[in-house]
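Colleague: Handing you a structure now.
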Amino acid sequence: MGVQLPFPTPQIEYSLLLPVLVILGAAVVSVLIEAVAAESLRRTLQPLLAFGSLAIALAGCVGLWDQRQVVAQGALVVDGPTVILQGTLLILAVLGALLMMESRVDPAGDPFAARASTIPGSADERGFGARRQTEVWPLFLFAVGGMLMFPAANDLLTAFIALEVFSLPLYLLTGMARRRRLLSQEAALKYFVLGAFSSAVFLFGSALIYAATGSLDFAGIADAVSADPTSGLLLSAGVALLLAGMLFKVGAAPFHQWSPDVYQGAPTALTAFMSAATKVAAFGALLRVMFVALGGAAWDWQPAVAVIAGLSMLVGAITAVVQSDIKRVLAYSSVAHAGFILTGVLAASPKGLSGSLVYLVAYGFVTLAAFGLLTVVRSPAGEATDVQQWAGLAKKSPVTASVFSLLLLTMAGLPLTSGFTAKFAAWSAAWGGWQTGVVVIGAVSSTIAAAFYLRIIVSMWFSEGDDAVVVALPGLGTRTVVGVGVASAVVFGVAPQLLLGLVDGVGVFLR
Amino acid sequence: MTASPALLVAVPLLSAAVLLLTGRRSDRWGHWLGCAAAVGSFLIALNLVLSLAKQPHESREISQTVWTWISVGGFNVDVTFTVDPLSAVFILLITGVGSLIHIYSVGYMEHDDNRRRFFGYLNLFVAAMLTLVLANNLLLLYVGWEGVGLASYLLIGFWQHKPSAASAANKAFIVNRVGDFGLSIAVMLTFVTFGSVAFPEVFAAADKASSTTITWIGLALLLAACGKSAQFPLQSWLLDAMEGPTPVSALIHAATMVTAGVYLVARCHPIFDLSATARGAVVAVGAITLLMGAVIGIAKDDIKKALAGSTMSQIGYMMLAVGLGPIGYIWAIFHLLTHGFFKAGMFLGAGSVMHGMNDEVNMRRYGALRTAMAVTFGTFAIGYLAIIGVPPFAGFWSKDEIIKVAFEHSWVAGGAALLGAAITAYYMTRVMLMTFFGKARWADDAHPHESPAVMTIPLVVLAALSAVGGWALLHVVNLETWLEPVLGHGEGELPFSSSLLLPLTLAVVALGVAAAWKVYGAGADIPVSAPRGSWFIRAARADLGGDLFNEKVLMQPGQRLTATLVRVDDSVVDGAVRGIGGFTTALSARLRQAQNGFARSYALVMVIGAVIVALALAMVRFA
């Protein structure tokens, strides 16, 4: 008689987990390289490893297109939304990595501090000078790995682990800007403290939900919710805290206050990646939790989400109007965008799901490109992010000014740009019934939002500029990022069918 | 052979792309390419309209689907351009008057370093405006709508070195956003109600929708029209828009773009036919604006602003007419066309005067120019006779019909239209007398001279159209019959004998002219600096409170809200903490010493947020 093992051997579908495993595996290898390889070798090996693993993962992701399966003992799900979110995240990661490689725009070197642990302004720091550091790569890969897991997680614990896996490296990376290091470090600390706080809130919410339903996996929660509608108070409190924790990550009001500070302080290359990819990963997870686990209680959470959506759109749009730093303008505009996406979530229907996904894809590429473009406009002190410094940019570089104008108009949702497609998809899902009010608030907000996008455009084209500000010629990487952003804005605007069809094809969440 | 409607849009669009993308390389020939594109699209438009005329009267239509823009489930939006009798008259107006203004600009902008870019924007405008009128669905119309807006802001702010130009562009943009919001609501309402945004499908199903919905769609469309056409209460941007180069004022802010609101209402007339409330609102807006614009026109010393007030007022007439229902649609479009002729002509005339007077716009500095600039004077005079409605000039035919149908509608509408005619006669006579008659009050360095032929030829053509265009449209082209398949036909009844109307109108106009003659006519001494004037003139100079309205209703509450939100966002918690009491105040002070930055308050806001979410959930569950 064989010995009865206390645990059955877990069954892992390695082939279906390929994207996640490749990236996390590469991250581990990357740490090893950091430990053993010589500096010059590291500088070649690390980016090679990153791009190689991203390419393999992306290919794997394409191979998963038709898979609809719960994997890894119920911890993760591979279904249509997972694949499209992971694919988007991987492309965004490739583009983000290209920005991180950029070393032509800043005479001092790449965007990251040579050694983050040195005290800003010290002789120690100067000693490292223009050296380039490679520790950002393992951190980056871990962040990507966590992001890939987050929208695929099928229970609250896996979701929490994924959340931490991608959050911790981001906190560190935020503090690594080569220039304005104090600002960068302050941002990192704030991000960390508040992030830890929101993680605790998330975890507490999960505990309460477990107490209310006796389950952590989404299917179990869904069963309990539909079977026992009287589990009121505990479940409500749990859902509220869980929502608060996730809304922090997507940067919805009133959980948004960290984002302007962090966006401003972080190295712009990282801000670009973070603002796009975090939103995609976190909204993916949020959608899965709300639709799969709590879909049966939609009537309960919809009003709360409606309030948050309306608040985000208004606060984001109105506050952005008076900002004088372009990074902060974009940060507040991303708060408003979070509200627009939440409008799709609010619909709690397959149309709402596809609307939100369309919005995420369209928004991700354009935001990444916009932040990428910020790095090329420079003053002697580094990036010129004050709106005043962008005045008269059209005279210095008509191409930069035109491209940035197009990206801003896309964010404003001008027809024939992907921004319009996105708003159309998200809003048409929510229109009808009582959610109509939220859509109207959205229309009002986007009217206000257009004002501050235009303020930048007007100042670029119609004002006299500051001679100290110059436009640096970026390397191929940054140009690729901007090119992809512009192409997505135009193609998905003129032929939205490409994007709408793709997203419609992926179907709904697998339970 | 019938040309393709898409080509009509593509020609100016391509030319704009070439002009804007090739940069300085095309400086030498850029303006001629711009003109060629405009004339080319005019020829295409002519070809299209002639082909259209060969089709049977009841079903004239040339349609071309370029591609399917959106297709989700049963919902389709095609990029389809449709030429029907209504859009036909518009494409001729846009490309015809547009071509003349392009040619005129070659001379007017000769000394401007950025002339090529100017032509690029003008071409862009023409392409967008054509898209607007050729669109067969609301979404594509929206594209054109935003496009003409964009071109308009670029052109208003074209002389960016003037801060007033940049701020005028900004103002136009912001006021127009309010209108665009209306259009986006209308598009969404239409989509949700009918599951389609294509005009034929929407109009066919319009009578099945609830009357409340129809009224709301109508009101949202009206809001859009008010923004674009500078109608009350969104009128204030138009006067500032005169900061743009004068050809722009002629093309965009007189002849075409600002009439897009009238087009929108006329195009969507099946919606307005079903809602008396929406129609009533249109009439009210039109009547108010036609009087407001005319009164503003009385007080302005800046020749372009006087003409801008007049544009507002004339579009008010069109709005009034288009709100009257089937009896008015055709006359609104008719007046839109004649106004396009004479107002474009007069604006170009004003530009010609400015060109000869070192860009002076103050009419108090003009006077006695009729001999120095004979062609400009002659053509301006024809425009003048047309706008005040002297037979047989163009404006007489159209304005007279609008006054007639306004009386058929009600005494109030008719009275407003008649009163407007008197004021129009007054302020236009004033412009005429101050500019071309009386004593020369020129600045010392002014040497008025006639403009070059490239500028005067368009003036002559437009003058000819202003002279005979009204009669020709009515009796040669048979505009009434031409538009009937699209706009329908209505008969009204005058509350008094119809033989009284013409003498009444002419008497009122004569009264206005005489009054102006008394004040500004022969021998009148016009001071070079403006006298303080009565309260009425002062109010009119201040645009009848248009800016005050903006400031009080749109700007100040907005600023206050923004400031409050920023304050809340930055320091709500500090405030809240201070409010709670001494203990917490002390604690907060200590905490502030202990840490810098606001991470703690951010966290507290997050807690408040979580509580809000929890409360919202609890309210649903336990309410």
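Colleague: Given the Cα-Cα distance of B:E201 and B:A53 and 0.36 nm per residue of separation, how much length would full extension add, in nm?
Modeller: Stretched fully, the B:E201-B:A53 segment lengthens by 50.8 nm.
Colleague: Let me ask something additional. Run the numbers on region B:65-89: which residues show a drop of 10 Å² or more in accessible area, chain on its own versus all protein chains together, using a 1.4 Å probe over heavy atoms?
Modeller: Listed by number, the residues meeting the 10 Å² cut-off are B:W67, B:W69, B:I70, B:S71, B:V72, B:F75.
Colleague: Taking the Cα centre of the protein assembly as shown as origin, sum charge times position over the Cβ atoms of Lys and Arg (+1) and Asp and Glu (-1), and report the length of that vector in debye to the nearest 20.
Modeller: Around 1860 debye, computed over the protein assembly as shown.
Colleague: Here's a follow-up. Please list A:473-481, A:411-419, B:486-494 highest first by mean number of surrounding beta-carbon atoms within 10 Å per residue.
Modeller: A:411-419, A:473-481, B:486-494
Colleague: Continuing with this model, one more query. For chain B, find the longest principal axis of its Cα atoms and tell me its angle to the long axis of helix B:115-134, 0 to 90°, nearest 10.
Modeller: 80 degrees
Colleague: Describe numerically, in nm with one decimal, the distance between label points set 7 Å from Cα along Cα→Cβ at A:A487 and at B:L502.
Modeller: 6.9 nm
Colleague: While we're here: Taking the alpha-carbon distance from B:K304 and a cut-off under 16 Å, which lysines remain once sequence neighbours fewer than 8 residues away in the same chain are dropped?
Modeller: List returned: B:K343.
Colleague: With a cut-off of 15 Å, note down the residues of region B:20-64 whose backbone N falls inside the zone around a label point 7 Å from the Cα of B:I457 toward its beta carbon.
Modeller: Counting backbone N atoms under 15 Å from the label point, the list is B:32-33, B:35-40.
Colleague: A further question on this structure: Taking the C-alpha atoms of region A:68-190, how large are the radius of gyration and the largest Cα-Cα span, Dmax, in Å?
Modeller: In Å, with Rg to one decimal and Dmax whole: 17.5, 57.
Colleague: Taking K and R as +1 and D and E as -1, what net charge do the other residues with C-beta under 12 Å from the C-beta of B:L222 add up to?
Modeller: +2
Colleague: Also, I was wondering about something else. How much space per residue, in cubic angstrom, does the convex hull of the C-alpha atoms of chain B take up?
Modeller: Spelled out: Cα convex hull of chain B, divided by residues, is 217 Å³.
Colleague: Which net charge results for the neighbourhood of A:M101, defined as the other residues with beta-carbon distances under 11 angstrom from its beta-carbon, given Lys and Arg at +1 and Asp and Glu at -1?
Modeller: Around A:M101, the charge tally is +1.
Colleague: Here is a further query. Using the Cα centre as the reference, give the magnitude of the dipole from point charges on the C-beta atoms of chain B (Lys, Arg: +1; Asp, Glu: -1; all else neutral), rounded to the nearest 20 debye.
Modeller: That gives a dipole near 1580 debye.
Colleague: Counting only protein heavy atoms and a 1.4 Å probe, tell me what percentage of the protein assembly as shown's accessible area is made up of carbon and sulfur.
Modeller: Of all accessible area on the protein assembly as shown, carbon and sulfur atoms account for 67 percent.
Colleague: Indicate the gyration tensor shape class of region A:227-337 (rounded, prolate or oblate), computed on the Cα atoms with a ≥ b ≥ c the square roots of the eigenvalues: a/c under 1.5 is rounded; otherwise a/b larger than b/c is prolate and the rest oblate.
Modeller: Because a/c hits 1.5 or more and a/b exceeds b/c, region A:227-337 counts as prolate.
Colleague: Once the other residues with Cβ under 10 Å from the Cβ of B:T376 are scored (Lys, Arg +1; Asp, Glu -1), what is the net sum?
Modeller: Residues close to B:T376 contribute a combined charge of 0.
Colleague: May I ask you to list the chymotrypsin sites (Phe, Trp or Tyr not before Pro) in region B:1-58 that are in a DSSP loop and have at most 15 other Cβ atoms within 10 Å of their Cβ?
Modeller: In loop regions of region B:1-58 (DSSP not H, G, I, E or B), the sparsely surrounded chymotrypsin sites (Phe, Trp or Tyr not before Pro) are B:W29.
Colleague: Sum -39500 (n - 2.57) across every DSSP H segment of at least 4 residues in chain B, then divide by the residue count to get the 222 nm mean residue ellipticity, nearest 500.
Modeller: It comes out at -23500 deg cm²/dmol, rounded to the nearest 500.
Colleague: Could you tell me the accessible area of A:I91 in Å² (1.4 Å probe, neighbours in place), rounded to the nearest ten?
Modeller: Per-residue accessible area (A:I91): approximately 70 Å².
Colleague: Kindly provide the pair-distance distribution of chain A built from C-alpha pairs, with 20 Å bins from 0 and whole-percent values in order of increasing distance.
Modeller: Bins of 20 Å from zero give 24, 58, 17, 1, 0 percent of pairs.
Colleague: Specify the angular offset, from 0 to 90 degrees and rounded to the nearest 10, of the alpha carbon long axis of helix B:138-156 from the longest principal axis of the alpha carbons in chain B.
Modeller: 80 degrees
Colleague: Follow-up. Taking Cα centroids, how far is region A:43-90 from region B:15-67 in Å?
Modeller: 49 Å
Colleague: Same structure, new question: Would you mind checking the radius of gyration and Dmax of region A:327-433 based on alpha-carbon positions, in Å?
Modeller: Just the Cα atoms of region A:327-433 yield Rg and Dmax of 15.9, 54 Å.
Colleague: Using R₀ = 45 Å, calculate the FRET efficiency as 1/(1 + (r/R₀)^6) where r is the Cβ-Cβ separation of A:R126 and A:V322; round to 0.05.
Modeller: 0.75
Colleague: Okay, moving on. Given 4 °C and 1.567 mPa s, compute D for region B:333-436 with the Stokes-Einstein relation, Rh being the Kirkwood radius over Cα pairs; round to the nearest whole µm²/s.
Modeller: For these conditions, the coefficient is 89 µm²/s.
Colleague: For the B and A pair, go ahead and give the buried accessible area with a 1.4 Å probe, both sides summed, in Å² to 100.
Modeller: 5100 Å²
Colleague: Moving on to the next point. How many percent of all Cα-Cα pairs in the protein assembly as shown sit more than 53 Å apart?
Modeller: More than 53 Å apart: 27 percent of the Cα pairs in the protein assembly as shown.
Colleague: If you don't mind, another one. I need the calculated FRET efficiency for the pair B:E493 and B:A514, taking r as the beta carbon distance and R₀ as 25 Å, to the nearest 0.05.
Modeller: Result of the calculation: an efficiency of 0.20.
Colleague: Reachable aspartates and glutamates from A:K395, Cα under 13 Å, same-chain residues fewer than 8 places away excluded?
Modeller: Cα-Cα hits under 13 Å: A:E464, A:D466, A:D467.
Colleague: With a point put 7 Å past each Cα toward its Cβ, work out how far A:T436 is from B:E480 in nm, to one decimal.
Modeller: Spacing of the two 7 Å Cα→Cβ label points: 4.1 nm.
Colleague: Once you have all Cα-Cα distances for region A:1-96, histogram them in 5 Å bins from zero and send the whole-percent values.
Modeller: Over region A:1-96, the share of Cα pairs per 5 Å bin runs 2, 12, 19, 18, 14, 11, 9, 7, 4, 2, 1, 0 percent.
Colleague: So, with +1 on the Cβ of K and R and -1 on the Cβ of D and E, and no other charges, what is the size of the charge dipole of region A:14-504 about its Cα centre, to the nearest 20 debye?
Modeller: That gives a dipole near 880 debye.
Colleague: Return one number: the angle in degrees, 0 to 90 and rounded to the nearest 10, between the long axis of the Cα atoms of helix B:582-594 and the longest principal axis of the Cα atoms of chain B.
Modeller: 80 degrees
Colleague: Below 8 Å between Cα atoms, with a sequence gap of 6+, how large is the relative contact order for region A:99-212 in percent?
Modeller: Relative contact order for region A:99-212 comes out at 22 percent.
Colleague: Can you tell me the accessible area per residue over chain B, all protein chains present, probe 1.4 angstrom, in square angstrom?
Modeller: 36 Å²
Colleague: From largest accessible area down, sort B:T190, A:T44, B:T213; use a 1.4 Å probe on the protein chains.
Modeller: The ordering from most to least exposed comes out as A:T44, B:T213, B:T190.
Colleague: Set the Förster distance to 60 Å, then compute FRET efficiency between A:A55 and B:W29 from the Cβ-Cβ distance, nearest 0.05.
Modeller: E(calc), rounded to 0.05, equals 0.80.
Colleague: Can you pull out the trypsin sites (Lys or Arg not before Pro) in region B:1-75 that DSSP calls coil and that have at most 14 other Cβ atoms within 10 Å?
Modeller: Here the sparse-neighbourhood loop sites are B:R28.
Colleague: Under 16 Å Cα-Cα from B:K208, which aspartates and glutamates qualify once same-chain neighbours fewer than 8 residues away are excluded?
Modeller: Qualifying aspartates and glutamates at Cα under 16 Å: B:D273.
Colleague: If I model a spin label as a point 7 Å beyond the Cα along the Cα-Cβ vector, how far apart are those points for B:S410 and B:F75 in nm?
Modeller: 3.7 nm
Colleague: Another question, if that's okay. I'd like the accessible area for B:I156: 1.4 Å probe, protein heavy atoms, all chains in place, Å² to the nearest 10.
Modeller: Ignoring ligands and nucleic acids, B:I156 comes out at about 0 Å².
The values are calculated or read from the model by the stated rules, or taken from the named source; none is laboratory data. Predicted model, so just to flag it, every value in this text is computed and none were measured. Every residue, glycine as well, gets a Cβ built from its backbone with ideal geometry; the counts of neighbours run over all protein chains shown. Ligands, DNA and RNA are stripped out before the accessible areas are found, and what is left, the full protein with its side chains, is counted by its heavy atoms. Shrake-Rupley method; radii C 1.70, N 1.55, O 1.52, S 1.80 Å.
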